[in-house]
Amino acid sequence: MSGAEQTLSASQRDLRLTIDTIPALVWSTGADGSVDFVNQHYLDYVGLPSEQLMEWGWTTAIHPDDLSGLAAIWRSLLASGKSGEAEARFRRADGEYRWLLLRANPLHDSNGNIVKWYGLNTDIEDRRRAEVHLAGEKHVLEMIACGRPLRDILTASCKLFEEAASDCFCGIYPIDGRGKIFEFGVAPSLPASYTAPIEGVQVDSDDSPRGQSISEKTQVIAEDIESDPRWMQAPCRAHVLDHGLRAVWSTPICSREESVIGTICVYQQRPGIPSSHHQEIIAHIAQLASIAIERSQSEDVLKRSQFYLTQGQRISLTGTFAWDVATDEIAFSGELKRIWEFEPNTVVTFALLRERTHPEDLRRTGAYLEQVRAGFDNPDYEMRLSMPDGRIKYLWVCARVVKQEDGRLECLGAIQDITRRRLAEDARDTIRSELAHVGRVASLGALTASIAHEVNQPLASIVTSSETALRWLNQPESNFEKVQQVLKRIVNDARRAADVIDRVRTMASKGTPRQAETELADIITECAASLYHEFQSKNVSNSLYLAPDLPKVMVDRTQLQQVIVNLLINAVQAMTTSDVAPRNIAIRTQQVDAQTVCCIVEDSGPGIDAEHLPRLFDSFFTTKETGMGLGLPIARSIIEAHNGVIRADNKSTLGGARLIIELPASFS
Ligand code: ADP
């Protein structure tokens, strides 16, 4: 062989060696498409001798289902003379069919005629499997996102496992939140008799690899349950064997907080341990199952707290709302719709709310809404609903303005139906005022009787004296001296009668005072609180200005309360009858001097007529149609009995009347 020939055959050998060792299936055909060459890797891959693959023999290695499709593509390539590719399953030497990608390129001569085809087949089984697995995983994740039942999601996860590892069965067993009980089990390829006995069973590390994997938070592998000494006595052994299974591999499923929330069990019908491929899929599926179980558990918790919330709302007759101030979108909770008596699917609007608000409360509630629009919180307030059938409902509203991150204002709040309480309170107030009225009438009766009795005598005397005086005057010669004497007697009797009235009035307010050292501020606060509803219903706002560190006073608490309540009611009445706006009352306490403290009640009413001022504290002086004119005189008697003074003027800072009570400070 010449040197040149030697060099050529050496390079041909090199080329052949290269082609044979390429990790792909290389082949060539004649122009007609019949195979004339396959490389060594091809032969090794399919495990067939070269002769068997020549011409059209290679088709024996193709999966029967893919053969016709592949042949059609190959024929069309030959006809068109263009390069192209196709996918088909080839039977590997070990009998397993695997997906290969086939690529073919034509070789042309100098005239452009095809003289040969060269081709390359690559094993794409792993890539395809990964793609299928990814699609399956996506499907399971979608199921989780759509909130499908946990059982369905775990069943799909098991199937996904079995698609990736066809030599195995898969089962997943979630445990309940407290980690003590198997809630249920899914193993779609095993009969129901396998998983059914597990439901509701206590987790026990000794009874199965499943229990042990949870208790010890570690993977437990039983290569062959039949011979594994750990499970010889365990009830699971017979159960597993009865279902034709031998190998059991149990892996704990952990939450993000690393607590065990279930276990994934993989079974094989023959003894074995997991390959790295198995371990990889187990880890994958365990992760999917963890997401699904955790989500379902937190949904359960959410559902439970939602249930408590709605039940709580129902029991306490409280509903909640959210109002987007910018868009005026209002969301009412179910209970709130029930309170307002809206249908469950009603879209709540301000127009609807206004329609149902009591007309007298519209202005006030409107002002509260404006306050919220300006970004301010409202004080908690009471409002009334006027239902279509004429019923009145009383609501207590608490709302707070929240500024969202994007600057939007949202008003969140709760509304309680206090109708029952208010009706009870109203009934109580009515009874109270009726009782008070009866009391007043009774004491007035007693007072009148005693007045009549005491005054009767001087009156009789006045009548007698007057008749005597008339007689003296009617005589032909009038005796003026006698008449003068009689008139003096009349004046004295009249004075006596006035004294009697004064005495009786003083008696009326006496009782037995139980004096104790008391904070004036406490009494005032109690009075204001007891009149809270009176103020609310009459739209009166009441402010307290209580001086700190005021000396205490020695008073009969009830009597002083009676006085202050009387002053406050007078103020409310003065403002409502004259229909002034706004209606404000201020109660102040002050130290007058070292020995004296005072309480001042001011209002924004019309004030007291100058001509009435001197008679204000006279018994029976009243300007009211139904007034009795006893409130202020009794107040004066009480205050004087406490060594104090009470007076009235029109110097209120609010524009109306001002009543001042001065009391001695107590220094005991
Ligand atoms: P009554 O309330 O039954 O009229 P009172 O003795 O409590 O009896 O009051 C006497 C009168 O004093 C009232 O009728 C009213 O004319 C006047 N008066 C009391 N308080 C005020 C007030 N805050 N503003 C205007 N007038 C008042």
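Tell me which residues, restricted to region 613-644, are more than 6 Å from the ligand (Cβ to nearest atom), free of Cβ contacts under 8 Å to residues at least 40 places away in the same chain and part of a loop (DSSP other than H, G, I, E, B).
Phe617, Asp618, Phe620, Glu625, Thr626, Asn643, Gly644
Collect the residues in region 645-659 that are within 12 Å of the ligand (Cβ to nearest atom) and either of a type outside the set (Lys, Arg) or more than 21 Å from Asp593 (Cα to Cα) (or both), keeping them in residue-number order.
Ile646, Ala648, Asp649, Asn650, Ser652, Leu654, Gly655, Gly656, Ala657, Leu659
Among the strands (runs of 3 or more DSSP E) confined wholly to region 215-333, which include 1 or more residues that are touching a residue at least 60 places away in the same chain (Cβ under 8 Å)? Show your work before the answer.
Numbers: elements: 220-222, 247-254, 260-268, 318-324, 329-332.
Here the list reads 247-254, 260-268, 318-324.
Given (1) in a strand (DSSP E or B); (2) within 13 Å of the ligand (Cβ to nearest atom); (3) not hydroxyl-bearing (Ser, Thr, Tyr), identify the lone condition not met by Leu663.
(2)
So Thr623 fits all but one of (1) over 22 Å from Ala547 (Cα atoms); (2) under 52 Å from the mean Cα position of the chain (by Cα); what number is the exception?
(2)
Would you mind listing the helices (runs of 4 or more DSSP H) fully within region 25-103 where at least 3 residues are within 27 Å of Ser166 (Cβ to Cβ)?
Working: elements: 40-46, 50-53, 64-80.
Where helices (runs of 4 or more DSSP H) fall fully within region 25-103 and carry at least 3 residues being within 27 Å of Ser166 (Cβ to Cβ), they are 40-46, 64-80.
With the structure loaded, tell me whether Val565 is surrounded by fewer than 21 Cβ atoms within 10 Å (Cβ to Cβ) and assigned to a helix (DSSP H, G or I) or whether it fails that test. So that I can check it myself, show each step before the final result.
Values: surrounded by fewer than 21 Cβ atoms within 10 Å (Cβ to Cβ): yes; assigned to a helix (DSSP H, G or I): yes.
Answer is yes for this residue.
Mind counting the residues in region 550-570 that are of a type outside the set (Val, Ile, Thr), more than 16 Å from the ligand (Cβ to nearest atom) and at pLDDT 90 or above?
Residues flagged as of a type outside the set (Val, Ile, Thr), more than 16 Å from the ligand (Cβ to nearest atom) and at pLDDT 90 or above within region 550-570 amount to 4.
Each row is one residue, and each column tells you yes or no for (1) closer than 17 Å to Pro188 by Cβ; (2) out of contact with any Phe, Trp or Tyr (no Cβ under 8 Å at 6 or more places or on another chain); (3) modelled with pLDDT under 95; (4) of a type outside the set (Phe, Trp, Tyr).
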position	(1), (2), (3), (4)
Leu245	yes, no, no, yes
Ser255	no, yes, yes, yes
Ser259	no, yes, yes, yes
Ser276	no, yes, yes, yes
Ile281	yes, no, yes, yes
Gln287	no, yes, yes, yes
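Could you list all residues from region 581-612 that are in a loop (DSSP other than H, G, I, E, B), surrounded by fewer than 17 Cβ atoms within 10 Å (Cβ to Cβ) and more than 7 Å from the ligand (Cβ to nearest atom)?
Of region 581-612, the ones in a loop (DSSP other than H, G, I, E, B) are 581-582, 594-595, 604-612.
Filter again for surrounded by fewer than 17 Cβ atoms within 10 Å (Cβ to Cβ), leaving 581-582, 594-595, 606, 609-612.
Scanning region 581-612 gives Ala581, Pro582, Ala594, Gln595, Asp609, Ala610, Glu611.
Looking at Glu258, Glu360, Glu341, can you tell me which residue is within 30 Å of Thr195 (Cα to Cα), of a type in the set (D, E, K, R) and surrounded by fewer than 16 Cβ atoms within 10 Å (Cβ to Cβ)? Explain how you work it out, then say what you get.
Numbers: Glu360 fails: within 30 Å of Thr195 (Cα to Cα); Glu341 fails: within 30 Å of Thr195 (Cα to Cα).
Answer to the check: Glu258.
Applying the selection to region 23-47, what residues are without any contact (Cβ under 8 Å) to a residue 40 or more places away in the chain and either over 30 Å from Ala79 (Cα atoms) or of a type outside the set (S, T, N, Q) (or both)?
Looking only at region 23-47, we keep the residues that are without any contact (Cβ under 8 Å) to a residue 40 or more places away in the chain, and these are 23, 34-41, 43.
Passing the criteria: Pro23, Val35, Asp36, Phe37, Val38, His41, Leu43.
Those residues that are free of Cβ contacts under 8 Å to residues at least 40 places away in the same chain and either surrounded by 12 or more Cβ atoms within 10 Å (Cβ to Cβ) or not in a strand (DSSP E or B) (or both), I need them from region 403-417; list them, please. Before the answer, list the steps.
Filtering region 403-417 for residues free of Cβ contacts under 8 Å to residues at least 40 places away in the same chain gives 403-407.
Selection gives Gln404, Glu405, Asp406, Gly407.
Have a look at Ile634, Ile638, Ile646 and point out the one that is modelled with pLDDT of 95 or more, more than 26 Å from Asp579 (Cβ to Cβ) and either more than 53 Å from the chain's Cα centre (by Cα) or loosely packed, with under 14 Cβ neighbours inside 10 Å (or both).
Values: Ile634 fails: modelled with pLDDT of 95 or more; Ile638 fails: modelled with pLDDT of 95 or more.
Answer to the check: Ile646.
The values are calculated or read from the model by the stated rules, or taken from the named source; none is laboratory data. These figures come from a predicted structure and were not determined experimentally. Methodologically, a virtual Cβ is constructed for each residue, glycine included, from the backbone with ideal geometry; neighbour enumeration extends over all protein chains shown.
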